[in-house]
There are 4 protein chains.
Amino acid sequence: MANPRSQIFFTVCSILLITTTIQSQTTWRDEGDFPDILGYTTLVCDFHTHTVFSDGTVWPTVRVTEAWREGLDAFALTDHLEFNDYEEDVIINLERPHQIALPDAQDLDLICIKGAEISRKMPPGHFNALFLTNVTAVKCDSYQDALKTAMDQGAFIIWNHPGWRQPEQKGIWYEEHTQIYNNGWMHGIEVVNEKTYYPEVQAWAMEKKLTMIGGSDIHGPTGIEFRLETGDHRTCTLVFAKEKSESAIKEALFARRTAIWVENKLIGEEQYLKPIFFNSIKVTQPQTLVLSRSSITVIIRNNSEISYELVSAGKIPGWKYPVRLTLPAHRTIYFTVSPDQKSVE
Amino acid sequence: MANPRSQIFFTVCSILLITTTIQSQTTWRDEGDFPDILGYTTLVCDFHTHTVFSDGTVWPTVRVTEAWREGLDAFALTDHLEFNDYEEDVIINLERPHQIALPDAQDLDLICIKGAEISRKMPPGHFNALFLTNVTAVKCDSYQDALKTAMDQGAFIIWNHPGWRQPEQKGIWYEEHTQIYNNGWMHGIEVVNEKTYYPEVQAWAMEKKLTMIGGSDIHGPTGIEFRLETGDHRTCTLVFAKEKSESAIKEALFARRTAIWVENKLIGEEQYLKPIFFNSIKVTQPQTLVLSRSSITVIIRNNSEISYELVSAGKIPGWKYPVRLTLPAHRTIYFTVSPDQKSVE
Amino acid sequence: MANPRSQIFFTVCSILLITTTIQSQTTWRDEGDFPDILGYTTLVCDFHTHTVFSDGTVWPTVRVTEAWREGLDAFALTDHLEFNDYEEDVIINLERPHQIALPDAQDLDLICIKGAEISRKMPPGHFNALFLTNVTAVKCDSYQDALKTAMDQGAFIIWNHPGWRQPEQKGIWYEEHTQIYNNGWMHGIEVVNEKTYYPEVQAWAMEKKLTMIGGSDIHGPTGIEFRLETGDHRTCTLVFAKEKSESAIKEALFARRTAIWVENKLIGEEQYLKPIFFNSIKVTQPQTLVLSRSSITVIIRNNSEISYELVSAGKIPGWKYPVRLTLPAHRTIYFTVSPDQKSVE
Amino acid sequence: MANPRSQIFFTVCSILLITTTIQSQTTWRDEGDFPDILGYTTLVCDFHTHTVFSDGTVWPTVRVTEAWREGLDAFALTDHLEFNDYEEDVIINLERPHQIALPDAQDLDLICIKGAEISRKMPPGHFNALFLTNVTAVKCDSYQDALKTAMDQGAFIIWNHPGWRQPEQKGIWYEEHTQIYNNGWMHGIEVVNEKTYYPEVQAWAMEKKLTMIGGSDIHGPTGIEFRLETGDHRTCTLVFAKEKSESAIKEALFARRTAIWVENKLIGEEQYLKPIFFNSIKVTQPQTLVLSRSSITVIIRNNSEISYELVSAGKIPGWKYPVRLTLPAHRTIYFTVSPDQKSVE
């Protein structure tokens, strides 16, 4: 028997008539267009956000609206466990952010992950624990107990902004981190936090087999921290998951299938970046080849959110073509290959 | 054996390395995204453009670059046959515009149609003849001879801007038009010229089975006549063709399979507009239905270039939902359907 | 003796070197450009905003950042007195929003007005009381007591969104409003709330000598409720004040020197709109008049935030000129006046 | 007695009524906002443009419309003297471009300078001769005769794109250039052509006292060669002139009072760049200094077309402030100076 809700839905649709004037409407979504790769679904995720339940300045539901508008598939609420800026005004209960945001997220088909930021002085600094079931239990006196409790809940744990409050903002790997790492309490690491990129941390990630994470660490409205109207976007982690579900994201994170999207850059392992590039573009040649013309025109469409810049890696003797080529996001360009007169002479 | 050109092309591709900095590049293409319908390919066409060979202000090759950048599939060069603003400076030969533009167009896979505008005082006014083989031959003393000569070349003939220089810019159907029509010398009619829409002409088109045409009638660079940077576009004719080829466009024009795209409006017959709308959108519901919630969220993606406004055509008793809904171009929106409390009480 | 702080400031400035690469920076301000008129300073104000202390979704400091970025000179925090959506999580103390926001506002030279929204069922509906000294005291059982207490504190009182929950959203003036008005407890009225314009309310304002107010009534981040990136802005009240100060705003409000800025419209009395228009534009003619040319070119610069559309109010016999003319905000346009050939013949 | 034209003009103005809906209008002007400096008027000029009278692709009048829309004060038409791409179609007469464009330019108060590009193989390459009275006469067999003839007409002569067709596009100063320079036939030099910047040429300009020029060298419509809709602009020369007139521009060019505006960069001598910067910005501090706060907020408004990036040139012990600061064009920003805690401890 048919679902009565579906019936209602279709009835609603059938009684809408179409006209074509533009009307202002504020709540639209800009899809984050990235190709699926290697048989996986590419999900746009932000694993680092705050609310008024620690030191953010928005109610948890704002994080849902923002995630939807900005084309995210999933986000985590990761308020600080150890401190709160608004104790005078807000009753702290760290189960609440997720509890408040979840219904709105579900309505919009967004995955809302329950998390928390274990926030200590450096070392060892801050750690996001994702996929928690009981945030309050993770609030322990020692960071070791906190991390262990998170582990017991099956958490995926990320060392956040490793260069924070370090000289020249460069990450320093302390003895404490070796212990955490050896205990198996560190699975991912923020190679990018907000807009800060830590190249040394990327090297650690590759060497120590940690999952590369890029987190927005937003405290205010995204539109204030990132200049969305100029085409800017929050820093995200692309997750290559078996499907769009919380458990599939968790599996992909542990399997290290991620890349980072910051400004107009993709940061990650070649095995993922290469197929993203090749699945983003489509190369064609004009149907009608003009035989009398010695040059060849090549047309390239870029269907992704990223503008790629190509740099010629060598030189074919006897032919001329652009040494650099930009493929702007969501645009088509062309270039010509023609005989190099000089080499002919 | 492999085409040596293809080999060159692939070699070029393989020696390009990828980086991701944005670089300014001016010649990109914004694809005109319209869905294919009813088994036909939707082609974006402009059948009315001028160059310095009559009273336009650009060289014919500019029309190629512009067509490419603006996402057109085909365009016609239709300089005035009977007058020229630049006789002192330009040697008039109306075979030239097409001859000059064609090679560039072919390189970019654009269809460049040879045409001319038979330009007389009203009545009968101006007529575009498309698919000509010899433009010069169409320059005759009487307009009847001109139209007849064009017909002999197999031309598709359009009455342009029927409201031009008429009181209040309203089209007047003169005796001369009846004769032309009865002779079978009029196949299409401009329901929209530049940005001027003639509703009375649309009525004639439906009644007399004339093909509806929208032409830009550009004389200067498109970027000057249309404010492209604000998202504006030149007025175009959408052609529903069996394939992307000049002969397929001709077949579709005679078969009256067109619609007009002007500003954010589509003008045409319901049989074409309806499938454009339904092929533009994708309706989904969240995977996770929250059973405890009585409201239903509906998500609609609009993949087309057009922003649609939906207006509720009726009312389902007991349910509340938006009376108006805008589906912005290339965006996703949602709305909720919920029980109407008042009707429950 | 020089202020030591100023010294520090000038030292800082002198050790800054200039380069000219663009760097992303998120916290800039778009000045709301409106001309001063009639010897008054034109201030851009929003007298209707909410925070998490009633049913808004942002911390009070967000209202400061937003006001600064959006070019406001002043704003009021007007949380609901009678209800709160977050009682489970937020400790309600209505002195707090202003107390929290004030220091940030002062740093940025923004005027932050302490207010509250007396929120009852219709009639009499909702009323904003501005310039309160003790918000808590205004929380009374009867709305009469609430309004009277606000009056005792010297408040300026506005009837908000008079069409709210009325049939077809049209304002209804109930017996209760006559009483409030006769008591002198109503000084202003929202002719525009968010984007809803009540023409009947504008008529009341003119007839009953109430100050015309436009309020954003924002609950979420402005960037979510208004589509700022498309050039949209929150609904504001322009106040023509003797200086930029809280007391000057209060004086101007009681003196009814306001206009409303909503979308691209100015709503108000002719005595204020006329000088705004004339102080916005600058008309020039080319230095070099070409005497051989019979036409005259007129150049108009619009320095304001508003795009004006001019419509010809009559006709000068013998001359041709555009019947409609748009003066886009912050742009210059020209038009030509030329002899009308027909009238000459 | 009053000018009858002025009367007509004022009558026209008085019969225009004001409404405020936006209407699409294509021909507006974006003023190039640069401050006047050192008692001079800052004029935005392009001394290098082409038309269909050599190898450009637009009619001369297009250059007027573009200059007006892009906020220029003056431009030169500099078609190639020695070659023409359209000999088959265009009758070459190099007095024509200026003759055709001048009336339109005068109507819009734009200065249209008669020029030509003496175009030889390198060495010595291409030279623009500005302020010519007879272009045809400059077409001589030897480049020496051409330059001398231009000199006899009082021309200002610029060596164009000195790196053109040189290895790595670097300018080479040949023996021929020494001769031209010693003869007094070279007054300016293109430090920037289109978007190519020649740093070595800037060094020559400073050393040899040549006027620094930036030219767009546009051949097609500006909107195709520069991506105007993304905020890009054509490369221009800023001229610091005694007034807005052709003779004042000539005087300023010979006196070397110029700077180059390319992308978001200003290139020139410190004596001009410094006052441009300081006349662009306005620094204020909040009226209400909050004494209890130890930090100071500084507000900076940038009224110019250029986004400046400030880099701290030193360090004031005991105080913290941003090391880098961007002042976006036409925006206001703020930063705070506060006691450095560490230095206090």
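Miscellaneous remarks
- Beyond 18 Å in Cα-Cα separation lie the following of the pairs B:LYS121/B:LYS170; B:LYS274/B:LYS320; D:LYS114/D:LYS195; B:LYS282/B:LYS320; C:LYS114/C:LYS265: B:LYS274/B:LYS320; D:LYS114/D:LYS195; B:LYS282/B:LYS320; C:LYS114/C:LYS265.
- For chain C: rounded, prolate or oblate by the Cα gyration tensor [a/c cutoff 1.5]: oblate
- Sequence of A:GLU117, C:GLU251, B:GLU225 from largest to smallest accessible area, 1.4 Å probe: C:GLU251, B:GLU225, A:GLU117
- Each label was represented as a point 7 Å from its Cα along the Cα-to-Cβ direction; for C:ALA137 and B:ASP36 these points are 7.5 nm apart.
- Take C:331-338, B:301-308, A:68-75 and order them by the average number of nearby Cβ atoms within 10 Å per residue, most first; the result is A:68-75, B:301-308, C:331-338.
- Aspartates and glutamates with Cα under 17 Å of C:LYS209, excluding same-chain neighbours fewer than 8 positions away: C:GLU190, C:GLU200, C:GLU251, C:GLU269, C:GLU270
- Considering only chain D, the C-beta nearest to the rotation axis that sends D to C is found at D:HIS330, 4, the distance in whole Å.
- Taking only protein heavy atoms and a 1.4 Å probe, the accessible area of region C:155-283 is 50% carbon and sulfur.
- Chain A: angle of helix A:270-280 to the longest principal axis, Cα-based, in degrees nearest 10: 60 degrees
- When only alpha carbons of region C:246-339 are considered, Rg and Dmax amount to 17.4, 59 Å.
- Shielding by partners - mean other protein chain Cβ count within 10 Å, residues of D:103-110: 5
- Shape class for the protein assembly as shown, computed from the alpha carbon gyration tensor (a ≥ b ≥ c): rounded, with a/c under 1.5.
- Sequentially through region B:150-158, phi angles give Karplus couplings (6.51, -1.76, 1.60; θ = phi - 60°) of 4, 4, 4, 8, x, 5, 9, 10, 10 Hz, Gly and Pro residues having no value and appearing as x.
- Relative to the longest principal axis of the Cα atoms of chain A, helix A:60-69 runs at roughly 10 degrees.
- FRET efficiency, B:LYS170 to A:PHE335 (Cβ-Cβ, R0 51 Å, nearest 0.05): 0.55
- Region A:53-97 - Kirkwood radius from inverse mean 1/r over Cα pairs (Å): 11.5 Å
- Across identical copies of the chain, C:ASN183 has label-point separations of 6.4, 8.4, 9.5 nm, listed in ascending order, with the point defined 7 angstrom from Cα along Cα→Cβ.
- For region C:182-312, the spread of Cα positions along each principal axis, largest first, Å: 69, 35, 32
- Within region D:65-177: Cβ-based charge dipole about Cα centre, in debye rounded to nearest 20 (Lys, Arg +1; Asp, Glu -1): 380 debye
- Computed over neighbours whose Cβ is under 13 Å from that of C:LYS209, the net charge equals +1, Lys and Arg +1, Asp and Glu -1.
- Working from label points 7 Å from Cα in the Cα-to-Cβ sense, the B:THR27 to A:GLU269 distance is 4.0 nm.
- 10 Å Cβ neighbours from other chains, averaged over peptide A:58-69: 4
- What you get for region A:293-343, charging only the Cβ of Lys and Arg (+1) and of Asp and Glu (-1), is a dipole of about 200 debye around the Cα centre.
- For region D:311-320, backbone phi angles converted through the Karplus equation (6.51, -1.76, 1.60; θ = phi - 60°) give residue-by-residue couplings of 10, 4, 8, x, 8, 9, x, x, 10, 10 Hz, Gly and Pro being listed as x.
- Note on D:225-232: average number of Cβ atoms from other chains within 10 Å of each residue's Cβ is 4.
- One decimal place: the segment C:ASN182-C:GLU87 gains 30.6 nm when fully extended, by the rule 0.36 nm per residue minus the C-alpha distance.
- Environment charge of C:GLU270, counting only residues whose C-beta is closer than 15 Å and scoring Lys/Arg +1, Asp/Glu -1: +3
- A quarter of the convex hull surface defined by the alpha-carbon atoms of region A:72-167 gives 7.1 nm² as the mean projection.
- Positive dipole terminus of region D:141-195, leading residue within D:MET151, D:TRP185, D:GLY163 (C-beta point charges): D:GLY163
- Comment: the Cα-to-Cβ extended label point of C:GLY231, at 7 Å, lies 1.0, 1.6, 1.8 nm from its counterparts in the other copies, nearest first.
- Taking only the Cα atoms of region B:168-210, the ratio Rg/Rh comes out at 0.96, with Rh defined as the Kirkwood radius.
- Cα gyration tensor shape of region C:104-155, rounded if a/c is under 1.5, else prolate or oblate by comparing a/b with b/c: prolate
- Remark: region A:137-276 carries a charge dipole of roughly 340 debye about the Cα centre, counting +1 on each Lys and Arg Cβ and -1 on each Asp and Glu Cβ.
- Percent RCO, i.e. relative contact order, over chain A, from Cα pairs under 8 Å lying at least 6 residues apart: 14 percent
- Sorted shortest first, the distances from the B:ARG324 label point to those of the same residue in the other copies are 1.8, 4.5, 4.7 nm; each point sits 7 Å from Cα along Cα-to-Cβ.
The values are calculated or read from the model by the stated rules, or taken from the named source; none is laboratory data. This is a predicted model, so every value here is computed, not measured. Cβ atoms come from the backbone with ideal geometry, glycine included; neighbour counts cover every protein chain shown. Calculation scope for accessible area: heavy atoms of the full protein, side chains included, ligands and nucleic acids excluded. Shrake-Rupley method; radii C 1.70, N 1.55, O 1.52, S 1.80 Å.
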